[in-house]
Amino acid sequence: MAEEIVPYHPMTAVERQEMLEAVGVDSAEEFLRDIPSSLRNPKIALAEPFSEIEIQKRMKQLGAKNKTSADQLSFLGAGCYEHFIPAAVAQIAGRPEFYTAYTPYQPEASQGTLQAIYEYQSLVTELTGLDVSNASHYDGATSLAEAAILAVRHTDRTQVIISKSVHPDYRRVLATYLHGTPYKILELDCSPENTFDRKALTELINEKTACVVIQSPNFFGVVEDLDGISEMCHMKGALFIMVSNPLSLAVLKSPGEWGADLAVGDGQPFGIPMTFGGPLLGYFAATRTLMRKIPGRLAGMTQDSDGKRAFCLTIQGREQHIRRERASSNICTNQALC
């Protein structure tokens with residue numbers, strides 16, 4: 001039996017006719033009969049085509065009308081701001097072993113990607129003071145929501161307490177994640193000084209609390225006093241989740257030093273361009289106790305058969321790697337290039 005030749009073209013004439021017959025028409029014209037003929041091929045008033053040099057000049061003229069963060073101070077980012085990015089970053093990230101869309105399912109084909117993830121994870125654990133980091137999420141808000149999901153599953157409890165001093169976008173994404181679930185969000189009011197209300201937290205936390213979420217520096221730019229919060233959470237059997245700007249952890253006490261179980265936030269301050277709000281990356285770090293419940297991928301360093309340094313995926317809590325019903329998350333991603 002001769003092998004069937006699969007055409008390269010995405011839609012052959014035969015396939016096109018089969019689709020038309022499937023919807024009960026004989027031709028594309030008949031398929032579009034409900035659209036007035038005057039609207040099918042409208043004449044669009046476009047200028048004559050430009051040469052390459054002319055279009056570059058025209059785009060620069062139009063672009064000059066914009067006000068950007070390069071020439072104006074902007075306070076609209078709510079955490080997403082312009083940061084200095086050394087020229088070496090683009091040069092290194094542009095190397096072919098790193099700059100690839102290939103995801104690390106087959107480690108022998110993606111050693112560069114795995115190494116980049118490993119180095120990133122090492123940086124995050126060093127900054128957060130926690131034991132292990134995953135290969136990142138879409139953004140800080142997604143990272144927080146995934147941490148809360150981990151907490152309710154780990155503790156088998158139903159309530160998440162989150163301070164209103166946490167970024168409002170983070171709180172909205174968390175609400176979206178938990179919508180339609182048996183889990184409940186309790187928002188903790190702020191004090192007149194724009195810090196979380198410690199007395200209100202003492203009254204809210206109970207045996208139903210899965211986790212407490214506090215951001216420091218918080219959305220208002222205030223560095224929170226987190227002394228005793230970890231002990232309060234652990235005494236009630238809850239987890240403590242700390243949200244932070246990762247650059248602040250170079251000078252402030254780390255989540256690990258505060259006794260946090262999970263540390264999350266956005267990696268944009270590391271030097272990712274704003275690019276109108278994304279793509280960004282969410283960092284996610286945890287204690288060793290929670291390591292096997294972390295969503296996403298973890299890259300590790302090992303040796304190959306020749307004794308040379310090699311990188312591999314160690315824990316993989318994604319549905320692509322394990323049974324769907326056992327997956328810790330079905331939407332987490334690897335933002336390795338960011």
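The values are calculated or read from the model by the stated rules, or taken from the named source; none is laboratory data. Since this is a predicted model, take the numbers as computed values, not measurements. Cβ atoms come from the backbone with ideal geometry, glycine included; neighbour counts cover every protein chain shown. Calculation scope for accessible area: heavy atoms of the full protein, side chains included, ligands and nucleic acids excluded. Shrake-Rupley method; radii C 1.70, N 1.55, O 1.52, S 1.80 Å.
Below, the figures for the structure above:
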{"read-out": "Segment 12-155, accessible area per residue, ligands and nucleic acids excluded (1.4 Å, Å²)", "value": "71"}
{"read-out": "Kyte-Doolittle at least 0.5, axis length at least 20 Å by Cα - qualifying DSSP helices, the chain", "value": "140-155"}
{"read-out": "Full-extension gain in nm, residue 91 to residue 291, via 0.36 nm per residue minus C-alpha separation", "value": "68.7 nm"}
{"read-out": "Solvent accessible area, Å² - residue 83, 1.4 Å probe, full protein context", "value": "50"}
{"read-out": "Inter-part distance where segment 31-82 and segment 110-139 are each reduced to a Cα centre, Å", "value": "37"}
{"read-out": "Accessible-area order (highest first, 1.4 angstrom probe) of the listed residues 294, 55", "value": "55, 294"}
{"read-out": "Residues whose placed amide H lies under 5 Å from that of residue 299, excluding near-sequence neighbours", "value": "314"}
{"read-out": "Among 263-269, 181-187, the order from most to least packed when residues are scored by Cβ within 10 Å on average", "value": "263-269, 181-187"}
{"read-out": "Residues whose placed amide H lies under 5 Å from that of residue 134, excluding near-sequence neighbours", "value": "284"}
{"read-out": "Around residue 175: net Lys/Arg minus Asp/Glu count, Cβ-Cβ under 13 Å", "value": "+2"}
{"read-out": "Residue 82 paired with residue 305, simple spin-label distance in nm, labels 7 Å along Cα-to-beta-carbon", "value": "5.4"}
{"read-out": "All lysines inside 24 Å of residue 208 as judged from Cα atoms, apart from same-chain residues fewer than 8 positions distant", "value": "164, 184, 199, 236, 293"}
{"read-out": "Theoretical ellipticity at 222 nm over the chain - DSSP helices of four or more residues, -39500 (n - 2.57) apiece, nearest 500", "value": "-8500 deg cm²/dmol"}
{"read-out": "Of [x] 23.5; [y] 20.2; [z] 20.8, the label for Kirkwood radius over Cα pairs in Å derived from the coordinates", "value": "[x]"}
{"read-out": "Carbon and sulfur %, accessible surface of the chain computed with the full protein complex present, 1.4 Å", "value": "55"}
{"read-out": "Rounded accessible area of residue 305 (nearest 10 Å², 1.4 Å probe)", "value": "120"}
